[in-house]
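For reference, the structure discussed in these notes is given below.
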Amino acid sequence: MRKSREVHLVLLASVALSLTACRDEQQNCVDANNRLLPPSACQTGSSGAHYVYGGSSGGNVGDTVVGSSVTRGGFGSFGGGGGDGGE
Amino acid sequence: MRRLTTNPRADWQKRVEKVGLTYHTLADGTPYWDESAYWEFSSAEIDRLEAATAELQMLALAAGDVILDQDRLSQMSIPKAAAAAIRAAWNSEPPAIYGRLDLAYDGNSIKLLEYNADTPTGLLEAAVVQWYWLKDCFPKSDQFNSLHEKLIAKWKDLKEYTTSPVYFAAGSSEEDNITVSYMRDTAEQAGMHTRHISMHQIGWDSKRRCFVDLDNKVMGTIFKLYPWEWMLNEPFGQNALSTLPPDSPLQEYGPRKDRRMWGSMLWIEPIWKMMWSNKALLATLWELNPGHELLLPAYLDGPRNLSSYVRKPLLGREGGGIAVVQEGKVVAGSLDGENAQGYVYQALAPMAKADGKTAVFGSWLIDGEPAGMGIRESSGPITNNTSSFVPHLFH
């Protein structure tokens with residue numbers, strides 16, 4: 001026999017149903033200097049544009065976002081916004 | 001070997017969904033999971049495929065040494081900044097789980113088409129869905145498929161060398177996320193504590209110089225279904241390199257506090273897989289083993305004396321950018337345009353063809369050992385993301 005004796009799944013079925021239920025935090029799209037950009041800059045993958053989570057700003061494009069040492073969105077922009085990485 | 005047609009199970013969609021395969025039907029309504037046919041092999045044919053897989057793995061290991069010894073990474077369009085990390089990872093052997101060799105097999109010759117070593121998918125289909133299909137339809141037959149058992153066994157081996165939880169990450173595609181969830185399932189069954197995170201949710205803490213999850217907790221181990229070449233071209237690429245040797249110092253791993261040069265964050269698959277998932281590997285393999293029965297002539301500088309060949313982008317994915325030339329004429333894709341990364345020119349292989357379909361045999365390795373097979377079929381000569389998955393059995 002070259003096949004697995006048993007193939008039990010403990011997690012997959014429930015995960016498959018819940019994949020769309022992701023957590024979200026307040027996000028700001030910023031440039032390399034932490035200055036606010038319009039959200040479209042991150043959606044289109046403009047050079048240097050990325051999200052930071054947490055922190056605060058005046059809310060206007062060009063304002064500096066302060067108060068967070070954590071940035072997010074530095075991965076996941078390839079393949080049409082993080083599309084098929086598998087092959 | 002032969003392709004046989006059969007009646008799909010009446011409720012096949014429900015049955016495959018029950019084991020996680022939600023993407024069983026393509027956008028145009030044709031089945032991606034296609035159980036209206038299956039491939040039947042003899043035990044001897046499976047022995048050959050298994051032996052070929054093991055042999056090709058040995059050749060790839062030898063090629064990896066040559067690529068690094070002779071500084072060939074730049075020929076492969078691999079960024080200079082990653083060279084030291086690739087070299088360090090190759091030498092220190094951080095955990096690597098899986099890979100898939102795509103083979104041409106017509107019942108006579110077996111030829112390597114490419115090695116999907118970094119981000120292979122089709123795993124759930126091969127490990128689980130076709131196993132349940134066999135159980136339902138041909139319970140007395142065998143299948144080249146011990147993937148599920150071997151994955152759990154590998155995670156058990158790694159338990160002492162990984163931090164907890166182990167994060168599992170992918171981009172946004174449904175297929176990738178299901179594949180990652182299946183991998184996560186096998187890790188859970190090995191006794192690991194796991195968490196899912198999307199690649200875009202991963203945070204970089206500039207004060208602590210580490211990657212963090214959504215609760216800003218340090219991430220120590222990650223399985224990512226996301227290509228290294230993409231990661232290195234993104235804003236966090238340099239940060240990822242900073243978590244790897246030689247930038248990241250010697251660390252202690254596991255209860256025995258083994259000191260290893262694996263870096264401050266374990267990335268699975270490791271960064272050296274960039275050498276094998278790159279199609280320049282095919283030319284290196286042929287150069288090192290000219291005339292080898294499992295290899296096709298392959299060159300980086302053009303088709304040379306080949307009149308029938310396939311031109312593949314070095315970093316191409318899922319059939320993208322491929323051109324097929326037969327007796328000097330382009331029969332699929334296009335030779336127009338240039339790709340900055342370069343191409344490999346590989347001789348055409350004798351393929352298995354039946355009922356208007358061309359089949360590619362994806363031979364899986366877990367922990368470097370042959371572990372099973374998944375078959376993709378296409379109407380044309382190029383396997384892409386719409387090629388259907390067809391189950392197999394052997395007697």
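So how far, in whole Å, is the C-alpha centre of segment B:58-119 from the one of segment B:331-355? Result: 20 Å between the Cα centres. Here segment B:212-356 is assigned +1 on the Cβ of each Lys and Arg and -1 on the Cβ of each Asp and Glu. Its dipole about the Cα centre then comes out at about 280 debye.
Take peptide B:193-202, look around each residue's Cβ out to 10 angstrom, count Cβ atoms belonging to other protein chains, and average those counts.
Working: counts 0, 1, 0, 5, 2, 7, 9, 13, 10, 6.
Average neighbour count from other chains, rounded to a whole number: 5.
Explain nothing, just the number: relative contact order of chain B, from Cα pairs under 8 Å at least 6 residues apart, as a whole percent. Worked out over chain B, it gives 24 percent. Straight-distance candidates among the lysines for linking to B:Lys217, with alpha-carbon spacing under 19 Å and chain neighbours fewer than 8 residues away dropped: B:Lys207.
Only bridges with both residues in chain B count here: give the DSSP antiparallel percent, nearest 5. Don't skip to the answer; put the middle values down first.
On the way: 54 of 71 bridges.
Here the share of antiparallel DSSP bridges comes out near 75 percent.
For A:Lys3, a cut-off of 16 angstrom between C-alpha atoms picks up these aspartates and glutamates, skipping any fewer than 8 places away in its own chain: B:Glu40, B:Glu45, B:Asp47, B:Glu50, B:Glu125, B:Asp136, B:Asp142, B:Glu149, B:Glu369. Summarising the amide proton neighbourhood of B:Tyr167: residues at separation of 5 or more, or on other chains, whose placed amide H is nearer than 5 Å comprise B:Arg195, B:Thr221, B:Ile222, B:Phe223. For segment B:148-213, averaging the sequence separation of C-alpha pairs within contact (under 8 Å, six or more residues apart) and dividing by the residue count gives a relative contact order of 35 percent.
A simple charge model with +1 on the Cβ of Lys and Arg, -1 on the Cβ of Asp and Glu and nothing else charged puts the dipole of the protein assembly as shown at about 580 debye relative to its Cα centre. Restricting the chymotrypsin sites (Phe, Trp or Tyr not before Pro) of segment B:291-395 to loop positions (DSSP other than H, G, I, E, B) with no more than 11 neighbouring Cβ atoms within 10 Å leaves nothing. Taking 37 °C and 0.692 mPa s as conditions, segment B:127-282 diffuses translationally at an estimated 192 µm²/s according to Stokes-Einstein applied to its Kirkwood radius (Cα pairs).
Percent relative contact order of segment B:1-115, based on C-alpha pairs within less than 8 angstrom and at least six residues apart?
Over segment B:1-115, the number comes to 21 percent.
For chain B, the Kirkwood hydrodynamic radius from C-alpha pairs, put into Stokes-Einstein at 20 °C and a viscosity of 1.002 mPa s, yields a diffusion coefficient of 98 µm² per second. Applied to segment B:288-303, the Karplus parametrisation 6.51 cos²θ - 1.76 cosθ + 1.60 on θ = phi - 60° returns per-residue 3J(HN,Hα) values of 7, 9, x, x, 4, 5, 9, 10, 10, x, 8, 9, 9, 9, x, x Hz, with x for Gly and Pro.
Take the residue pairs B:Lys111/B:Lys224; B:Lys154/B:Lys353; B:Lys224/B:Lys329; B:Lys279/B:Lys329; B:Lys312/B:Lys357 and return only those whose Cα atoms are more than 31 Å apart. Could the numbers behind the result be given before it?
Values: B:Lys111/B:Lys224 29 Å; B:Lys154/B:Lys353 35 Å; B:Lys224/B:Lys329 40 Å; B:Lys279/B:Lys329 23 Å; B:Lys312/B:Lys357 21 Å.
Violating the 31 Å Cα-Cα cut-off are B:Lys154/B:Lys353; B:Lys224/B:Lys329.
About its Cα centre, segment B:149-290 has a charge dipole of approximately 520 debye under the convention of +1 per Lys or Arg Cβ and -1 per Asp or Glu Cβ, with nothing else charged. Each residue of segment B:148-156 was assigned a 3J(HN,Hα) from its phi angle through the Karplus curve 6.51 cos²θ - 1.76 cosθ + 1.60 (θ = phi - 60°); the sequence is 4, 4, 6, 5, 4, 4, 5, 4, 4 Hz, with glycine and proline shown as x. Of B:Leu147, B:Met192, B:Ala117, whose Cα points farthest to the positive end of the dipole of segment B:77-220 (charges on the beta-carbon: +1 Lys, Arg; -1 Asp, Glu; origin at the Cα centre)? The one lying farthest along the dipole's positive direction is B:Met192. Listed peptides B:46-54, B:9-17, B:111-119, B:162-170 appear in the order B:111-119, B:162-170, B:46-54, B:9-17 once ranked by packing, highest mean of other Cβ atoms within 10 Å at the front.
Label point of B:Thr30 set 7 angstrom out along Cα-Cβ; within segment B:358-385, amide nitrogens under 15 Å from it belong to B:358-360, B:376-385.
Here the Karplus curve 6.51 cos²θ - 1.76 cosθ + 1.60, taken at θ = phi - 60°, turns the phi angles of segment B:200-216 into couplings of 6, 8, 5, x, 10, 9, 6, 7, 7, 6, 8, 7, 10, 8, 6, 9, 6 Hz, with x standing for Gly and Pro. Size descriptor for the protein assembly as shown, Kirkwood hydrodynamic radius: 23.3 Å (Cα pairs only, one decimal). Between A:Ser56 and B:Thr5, the distance separating the two model label sites (each 7 Å from Cα on the Cα→Cβ line) works out to 6.9 nm.
Taking the Cβ of each residue in B:Val331, A:Val7 as the centre, tally the other Cβ atoms inside 10 Å and list the residues starting with the fewest.
Fewest to most other Cβ atoms nearby, the residues stand as B:Val331, A:Val7.
The mean number of partner chain beta-carbon atoms within 10 angstrom of a residue's beta-carbon across peptide B:223-230 is 4. Mean partner shielding of peptide B:231-237, defined as the number of other chain Cβ atoms within 10 Å of each residue Cβ, is 5. By the rule of a C-alpha distance below 18 Å, with chain neighbours fewer than 8 residues away ignored, the lysines paired with B:Lys14 are B:Lys135. Ordering B:Gly64, B:Trp33, B:Val16 by Cα displacement along the dipole of segment B:1-64 toward the positive end leaves B:Val16 in first place; charges were set at the Cβ atoms of Lys, Arg (+1) and Asp, Glu (-1).
A cut-off of 5 Å between modelled amide H atoms, ignoring neighbours fewer than 5 places along the same chain, links B:Tyr343 with B:Leu314.
We did not get these values from a lab; they are worked out from the coordinates using the rules stated. In this text, all values refer to a predicted model and were calculated from it rather than measured experimentally. Cβ: placed from backbone, ideal geometry, glycine included. Neighbour counts: every protein chain shown.
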